Amino acid sequence: MRPTVVFALQSPTLLNVLAKSKRWQLEVADLGDHPGQESALLEAPAYRGGPVDHVFVCSPEHWRRAREQFPRARLWWLVHNGLPGIIPADIQPERAVALSRRVAGLQRLVRPDLPILVVTPAYEPRRVWSWAPGAWTMVSRPATRHPEHLHNVERVRALADVDHELYGEGEPGGFLYPEDREKKQSACSAYLSALPRWSGFGLAEHECLAAGVPVVGSRWGDMPEEMPEEYVGLVDAPSVQAAVLRSLADPVHGPALGRTLSEIGLAFIAGHRRLEQMEEGIQEVIDS
């Protein structure tokens with residue numbers, strides 16, 4: 001019988017991916033700190049009551065309420081990025097899960113006694129992208145995010161001086177619902193990422209890669225090991241990011257460069273974000 005696991009409401013698109021696993025029965029409980037408009041994107045089932053084997057949280061409020069509501073369940077901390085202090089010093093989880101090896105490694109430097117396993121979310125390559133004028137960026141709950149990401153985006157788009165729109169709750173382009181997001185993915189010049197190196201998995205970035213969208217930004221997370229060097233859109237220097245973004249925006253040269261990056265990105269998803277890989281990580285969590 002599959003174990004029942006409860007995730008505190010967070011990153012709905014992540015929970016939708018993890019809920020596809022056949023290794024567990026994933027349900028979602030609102031334990032506070034819910035993600036604003038993003039909660040409308042949740043497709044994973046709500047907690048239906050009954051015994052729970054594991055609970056996954058990512059904030060002190062989640063932790064407090066989970067201990068009260070699920071006292072017999074094993075309590076995990078889901079680590080979303082590599083910043084020191086993301087797990088408060090006064091909270092001592094028995095185990096944790098990261099979504100990339102890099103984040104797990106960064107957090108082990110801070111909490112060397114904490115077992116941290118890795119579950120890599122899976123995506124299915126399905127190209128919908130074709131070249132069109134305009135780059136874009138989508139920021140999840142920008143009011144609660146570390147400012148470095150938006151600073152990086154602003155710097156690169158200023159250097160590139162191209163048509164670019166910023167989306168997200170409270171941002172100029174507004175919140176993108178799934179149908180709007182797919183329209184952006186299907187017709188654009190590029191997705192500007194510019195994530196800091198300590199960033200987590202990069203959910204929007206992976207969605208774009210899986211849709212064939214050219215992505216411009218740093219080689220965050222496990223990308224330095226996994227993404228081929230030929231993917232020139234991912235490089236750490238902002239000046240080079242801007243140059244690639246400018247090339248992709250060019251109506252003469254952009255479509256050909258975009259198609260090259262699109263094919264490499266789709267092959268990356270097929271090779272490194274397989275469902276079997278995610279299932280192996282989840283089984284290791286369950287077995288622990």
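The values are calculated or read from the model by the stated rules, or taken from the named source; none is laboratory data. This is a predicted model, so every value here is computed, not measured. Don't worry about glycine lacking a Cβ; one is built from the backbone with ideal geometry, like all the others, and counts go over all protein chains shown.
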S199 surrounded by 14 or more Cβ atoms within 10 Å (Cβ to Cβ), among the small types (G, A, S) and in contact with a Phe, Trp or Tyr (Cβ under 7 Å, 6 or more places away or on another chain): yes
Sole exception among (1) free of Cβ contacts under 8 Å to residues at least 60 places away in the same chain; (2) in a loop (DSSP other than H, G, I, E, B) for E61, by number: (2)
Per-region count, segment 106-132, residues within 17 Å of the chain's Cα centre (by Cα) and either at positive phi or surrounded by fewer than 16 Cβ atoms within 10 Å (Cβ to Cβ) (or both): 1
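Of all residues being of a type in the set (A, V, I, L, M, F, W, C) and either touching a residue at least 24 places away in the same chain (Cβ under 8 Å) or outside the structural domain of E154 (by TED's automatic domain parsing) (or both) in segment 215-233, which is surrounded by the most Cβ atoms within 10 Å (Cβ to Cβ)? Just the residue, please. First the steps, then the outcome.
Narrowing segment 215-233 to residues of a type in the set (A, V, I, L, M, F, W, C): 215-216, 220, 223, 227, 232.
Filter once more, keeping what is either touching a residue at least 24 places away in the same chain (Cβ under 8 Å) or outside the structural domain of E154 (by TED's automatic domain parsing) (or both): 215-216, 220, 227, 232.
On the way: V215: 24, V216: 29, W220: 26, M227: 19, V232: 19.
Among those that are of a type in the set (A, V, I, L, M, F, W, C) and either touching a residue at least 24 places away in the same chain (Cβ under 8 Å) or outside the structural domain of E154 (by TED's automatic domain parsing) (or both), it is V216.
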Tally, over segment 218-276, of residues that are touching an Asp or Glu at 6+ places or on another chain (Cβ under 6 Å) and either at pLDDT below 95 or not in a helix (DSSP H, G or I) (or both): 1
Which listed residue is closer than 21 Å to V17 by Cα and hydrophobic (A, V, I, L, M, F, W, C), from V162, V110, V103, V153: V103
Total residues in segment 234-288, condition under 25 Å from A98 (Cα atoms), buried (at least 16 other Cβ atoms within 10 Å of the Cβ) and touching a helix residue (DSSP H, G or I) at 6+ places or on another chain (Cβ under 9 Å): 10
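Can you find a residue that is more than 26 Å from V240 (Cβ to Cβ), in contact (Cβ under 8 Å) with a residue 24 or more places away in the chain and assigned to a helix (DSSP H, G or I) anywhere in segment 191-207? Before the answer, list the steps.
To start, the set of residues in segment 191-207 that are more than 26 Å from V240 (Cβ to Cβ) comprises none.
No, segment 191-207 contains no residue that is more than 26 Å from V240 (Cβ to Cβ), in contact (Cβ under 8 Å) with a residue 24 or more places away in the chain and assigned to a helix (DSSP H, G or I).
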Residue within segment 53-68 that is in contact with a Phe, Trp or Tyr (Cβ under 9 Å, 6 or more places away or on another chain), surrounded by fewer than 16 Cβ atoms within 10 Å (Cβ to Cβ) and more than 19 Å from R2 (Cβ to Cβ) present: no
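With P125, P115, P172, P147 as the choices, which residue is out of contact with any helix residue (DSSP H, G or I) (no Cβ under 7 Å at 6 or more places or on another chain) and touching a residue at least 60 places away in the same chain (Cβ under 8 Å)?
Numbers: P125 fails: out of contact with any helix residue (DSSP H, G or I) (no Cβ under 7 Å at 6 or more places or on another chain); P172 fails: touching a residue at least 60 places away in the same chain (Cβ under 8 Å); P147 fails: touching a residue at least 60 places away in the same chain (Cβ under 8 Å).
P115 is the lone residue from the list that is out of contact with any helix residue (DSSP H, G or I) (no Cβ under 7 Å at 6 or more places or on another chain) and touching a residue at least 60 places away in the same chain (Cβ under 8 Å).
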Filter result for V285 (more than 19 Å from V17 (Cα to Cα), outside any loop (DSSP other than H, G, I, E, B) and aliphatic (A, V, I, L, M)): no
